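Trainee: Below is a structure I'd like to ask you about.
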Amino acid sequence: QVQLVEAGGGLVQVGESLRLSCAASGSMFSMKSMGWHRQAPGKQREFVADITTGGLTNYADSVKGRFAISRDNAKNTVYLQMNSLKPEDTAVYYCKADTSGRRYWGQGTQVTVSS
C-alpha cells in the first residue's frame with residue numbers, strides 16, 4: 001500500500017504561481033512514477049504531468065512551458081510548480097503513484113485561478 005498526501009492548493013489570480021507537493025509513504029520499493037492529474041467541474045479527470053523514478057518527465061500539451069514537475073527521492077515527495085496560471089487551470093489536482101501492481105491516488109487539492 002502507498003499513501004499520498006497533497007498540499008499547496010489555493011486561490012490565485014491569473015498569471016500567478018502555485019506549488020503543489022505530494023508526499024508518499026508505505027510500500028515504495030515497486031514505485032515506477034509519480035505525477036498529477038486534474039479534474040475540472042463537469043469534466044473528466046485528465047493527465048497533467050508525471051516523473052519516473054529515473055527523472056524522466058512528461059507533460060500535457062496544455063501545461064508545457066508553464067508547469068514543472070520535480071521530485072525529491074530522499075523525501076519521497078513530488079512537486080508541481082505551476083506558473084502563469086490561467087482560469088482553465090482551475091480544477092481539483094490529484095497526485096498519483098504508479099507501482100508495478102497498481103495506481104494510487106491522493107485525496108486531491110483544489111486550485112482556483114480567478115480572473
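Trainee: In a shell of Cβ-Cβ distance under 9 Å around ASP89, excluding ASP89 itself, what net charge do Lys and Arg (+1) and Asp and Glu (-1) give?
Mentor: +2
Trainee: What do the square roots of 5 times the Cα gyration tensor eigenvalues come to for segment 8-55, in whole Å, largest first, as semi-axes of the equivalent ellipsoid? If you can, show how the numbers build up before the last one.
Mentor: Details: eigenvalues 125, 42, 23 Å².
Value: 25, 15, 11 Å, ordered largest first.
Trainee: I would also like to ask the following. Considering amide H positions built from the backbone, and no H for Pro or chain starts, which residues 5 or more places from PHE67, or on another chain, come under 5 Å of its amide H?
Mentor: HN-HN under 5 Å from PHE67: ASN83.
Trainee: Determine the order of VAL5, VAL63 by accessible area, beginning with the largest, at a probe radius of 1.4 Å.
Mentor: Sorted by accessible area, descending: VAL5, VAL63.
Trainee: If we restrict to alpha carbons, what Rg and Dmax does the chain come to, in Å?
Mentor: 13.4, 43
Trainee: Here's something else I'd like to know. Let me check something: with ligands and nucleic acids excluded, how do LEU56, LEU18 order by accessible area (1.4 Å probe), largest to smallest?
Mentor: LEU56, LEU18
Trainee: Here is a further query. Set Lys and Arg Cβ to +1 and Asp and Glu Cβ to -1, take the dipole of the chain about its Cα centre, and tell me which of GLY55, THR112, PRO41 lies farthest positive.
Mentor: Of GLY55, THR112, PRO41, it is GLY55.
Trainee: As an exercise, identify the trypsin sites (Lys or Arg not before Pro) in segment 10-115 lying in DSSP coil whose Cβ has no more than 16 other Cβ atoms within 10 Å.
Mentor: LYS43, ARG45, LYS64, ARG66, ARG102
The values are calculated or read from the model by the stated rules, or taken from the named source; none is laboratory data. Small disclaimer: the values here were computed from a predicted structure and weren't measured. Glycine gets a Cβ as well: all are built from the backbone with ideal geometry, and neighbour counts include every protein chain shown. With ligands, DNA and RNA removed, areas are computed over all heavy atoms of the protein, side chains included. Shrake-Rupley method; radii C 1.70, N 1.55, O 1.52, S 1.80 Å.
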